[in-house]
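Asks: Structure incoming, see below.
The values are calculated or read from the model by the stated rules, or taken from the named source; none is laboratory data. Treat the numbers as computed from the prediction; the structure is a model and nothing was measured. Backbone-built Cβ (ideal geometry, glycine too); neighbour counts: all protein chains shown. Accessible surface is based on the protein model in full, side chains and every heavy atom, while ligands, DNA and RNA are left aside. Shrake-Rupley method; radii C 1.70, N 1.55, O 1.52, S 1.80 Å.
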Amino acid sequence: MAVCEGLELASQLGHSVLEVESDSATVVSWVLSQGPVRWDYSYILRQACRLISSASIQVRHVLREATSAADFLANWACSHKSSRRFFSYQELSRGLLGILCTDAQSVPYVRR
């Protein structure tokens, strides 16, 4: 589950204050322990809850349009068959930089 992997990476990098946004209301309710959890996700979710309790992490549901950068990266990883991690803006593609710039300027991003 991507939320849990992101929390684990942030923890490994020493980040303790995070805002997690997901377009899946189900996953958000699972992570916040507010809904029934599928048995096959219970171990992963226990790990996520452990990470959340050890840091200052806010988890919230957002509309699908707010996750454009994450979708771009997921599509890139699938098409390149890669799990590469990006640690600077210089490593990012122009397409992703455009999404990030419009997001930083609070310009709505409309999916095609």
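Asks: Looking only at the stretch 69-78, decide whether some residue is open to solvent by less than 50 Å² (accessible area, probe 1.4 Å) and touching a Ser or Thr at 6+ places or on another chain (Cβ under 8 Å).
Replies: Checked against the condition, which is being open to solvent by less than 50 Å² (accessible area, probe 1.4 Å) and touching a Ser or Thr at 6+ places or on another chain (Cβ under 8 Å), the stretch 69-78 yields at least one hit.
Asks: If you scan the stretch 88-98, which residues turn out to be assigned to a helix (DSSP H, G or I) and at pLDDT 90 or above?
Replies: 90, 91, 94, 95, 96, 97, 98
Asks: Among the residues of the stretch 42-58, is there at least one that is within 27 Å of residue 106 (Cβ to Cβ) and not hydrophobic (A, V, I, L, M, F, W, C)?
Replies: Yes, some residue in the stretch 42-58 is within 27 Å of residue 106 (Cβ to Cβ) and not hydrophobic (A, V, I, L, M, F, W, C).
Asks: If you go through the stretch 69-87, how many residues are assigned to a loop (DSSP other than H, G, I, E, B) and in contact (Cβ under 8 Å) with a residue 60 or more places away in the chain?
Replies: 1
Asks: For the stretch 17-45, enumerate the residues that are modelled with pLDDT of 85 or more and of a type in the set (Gly, Ala, Ser).
Replies: Within the stretch 17-45, 22, 24, 25, 29 meet the criteria.
Asks: Filter the stretch 17-40 down to the residues that are of a type in the set (Val, Ile, Thr) and within 13 Å of the chain's Cα centre (by Cα), then identify the one that is nearest to residue 66 (Cα to Cα).
Replies: Ranking the candidates gives 20 first.
Asks: Now a separate question. Hey, can you tell me all the residues within the stretch 41-64 that are over 16 Å from the mean Cα position of the chain (by Cα) and under 15 Å from residue 2 (Cβ atoms)?
Replies: Matches in the stretch 41-64: 41 only.
Asks: Which one of these is touching a Lys or Arg at 6+ places or on another chain (Cβ under 8 Å) and of a type in the set (A, V, I, L, M): 28, 62?
Replies: After applying the criteria, what remains is 28.
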